[in-house]
1. Can you say whether ASP334 is at pLDDT 95 or above, closer than 30 Å to SER30 by Cβ and acidic (Asp, Glu), as far as the supplied structure shows?
2. With the structure loaded, tell me whether ALA417 is of a type outside the set (Ser, Thr, Tyr), under 18 Å from the mean Cα position of the chain (by Cα) and in a helix (DSSP H, G or I) or whether it fails that test.
3. Listed residues LEU44, LEU33, LEU76, LEU117; which is under 30 Å from ASP334 (Cα atoms), without any contact (Cβ under 8 Å) to a residue 60 or more places away in the chain and in the same structural domain as GLY275 (by TED's automatic domain parsing)?
4. Considering only region 433-443, state which residues are more than 26 Å from the chain's Cα centre (by Cα) and in contact (Cβ under 8 Å) with a residue 24 or more places away in the chain.
5. Hey, GLY275 hits all of (1) on the phi > 0 side of the Ramachandran plot; (2) within 21 Å of the chain's Cα centre (by Cα); (3) not polar (S, T, N, Q) but one; which does it fall short on?
6. Could you pull out the residue among VAL72, VAL84, VAL32 that is touching a strand residue (DSSP E or B) at 6+ places or on another chain (Cβ under 8 Å) and of a type outside the set (Gly, Ala, Ser)?
7. Looking for something among the polar types (S, T, N, Q), in a strand (DSSP E or B) and within 15 Å of GLU214 (Cβ to Cβ) - is there at least one such residue anywhere in region 359-370?
8. Is at least one residue of region 192-209 in contact with a Leu (Cβ under 7 Å, 6 or more places away or on another chain), outside the structural domain of ALA387 (by TED's automatic domain parsing) and of a type in the set (Gly, Ala, Ser)?
Amino acid sequence: MADETVDLVVLGGGSGGYACALRAAELGMSVVLIERDKVGGTCLHRGCIPTKALLHAAEVADSTRESETFGVRATLEGIDVAGVNSYKGKVVERLWKGLQGLVKSRKIDYVAGSGRLVSPTAVEVELNDGGTRRIEARHVLLATGSEAKSLPGLELDHQRIITSDDALNLEHVPASVVILGAGAIGVEFASVWKSFGSDVTIVEALPHLLPAEEESSSKLLERAYRRRGIGFKVGTRFAGAKVTDHGVTVTLESGETIEAELLLVAIGRGPVSAGLGYEENGVELDRGFVKVDPYCRTSVPTISAVGDLIPTLQLAHVGFGEGIMIAERLAGLDPQPIDYDGVPRITYSEPEVASVGITSAEAKRRGYDVVTSTYDLAGNGRAQILATAGAVTLVAQKDGPVLGIHMVGSRVGELIAEAQLITNWEATADDVARLIHPHPTLSEAVGEAHLALAGKPLHSHS
């Protein structure tokens, strides 16, 4: 097909790419969106949505198993993996169809194929149904996302040594699993598999589960996982893995070995940038990540980059925010750069771990005079009804705004919206203490933590 020129060509239809395409089209730009697989990317098809569906199925299994605690007699006959996968697939399918409809309704030209940057203003696409198409654009957005990483010398066979992508498509519940890495992905799969009946051991080189979180949150999660019978070895380095007739033997640097049916490698995700023409056309990379300024501009004026491809938080909602910001900048509006401290983060394990703002360690590193306040969920009526344990911890500047809110407990992810407003609008404990939270709700725990920090605790000791 002959060259064509549009306002914006987006290479990659994941969270960051499609958000930018939708907003740009809304602002009157002509947009071409290129995706080799399915619009929605990692989050919709291999990440956030399908894993949270598995976690909900796991919650249903636990509720059934523990039903007598609540005076309900029910028995768990087992996990129908085909049924779980069918439910998960239906959720993904509905959202995918809705997203396709949205792209179509905004008059975005959707191109199914593998694109490659061929000049600072052009992408060439090998179309999925044959042939090629070259698209010239005033601006190019690189949004090719990420893929599961492994360690040097650790070969993924996708049978015994697997990635999170493989784990989502298992057709049985593994008898035993070793999970390498205690970030959100590793911790969430540990939660699912334990609920489904697997024997689980997490191996993490850093000193805690969820090492990027507030240390008190990590410790509460560790306590909960011990209670659930989820094994973990923190501060422990992995040495190697060997596939055997029956599974895999994992060796630690201490010389200890662990036998399991599967090894899930969950050490994070790396950028998809190799062989796509980025460096040849002047785009600067760092360890495979595209380097950008606070407005997601690359070293080439006609090219921006977004999402997991750049070294910011690898979260779908960060991709949305970055994509919208780029579209508005290209349309001549004056969007603000994203404050990454202000982005909420949730791990959907049981119990959930949710946070926004900075940790106490980071606040001290930045020179703040730090005060903290912790409200234990043991004093919260709704938490008692739900039979969950955990806490809300505030990190604040002495006589100043709240800098971070860190929560552990069932469903605390749903509390993060208020927490986000508190930290992003630089509220003080006194500001929040004046607000009345509905009773009985988990949200009262947020209120109680601020009441305590303001020096007027209600249901806790000061």
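1. Here the answer is yes, as ASP334 does meet what is asked.
2. Yes: the conditions hold for ALA417.
3. LEU44
4. HIS439, PRO440
5. Unmet condition: (2).
6. The unique qualifying residue is VAL32.
7. Scanning region 359-370 turns up no residue that is among the polar types (S, T, N, Q), in a strand (DSSP E or B) and within 15 Å of GLU214 (Cβ to Cβ).
8. no
The values are calculated or read from the model by the stated rules, or taken from the named source; none is laboratory data. Computed from a predicted structure; not experimentally measured. Cβ: placed from backbone, ideal geometry, glycine included. Neighbour counts: every protein chain shown.
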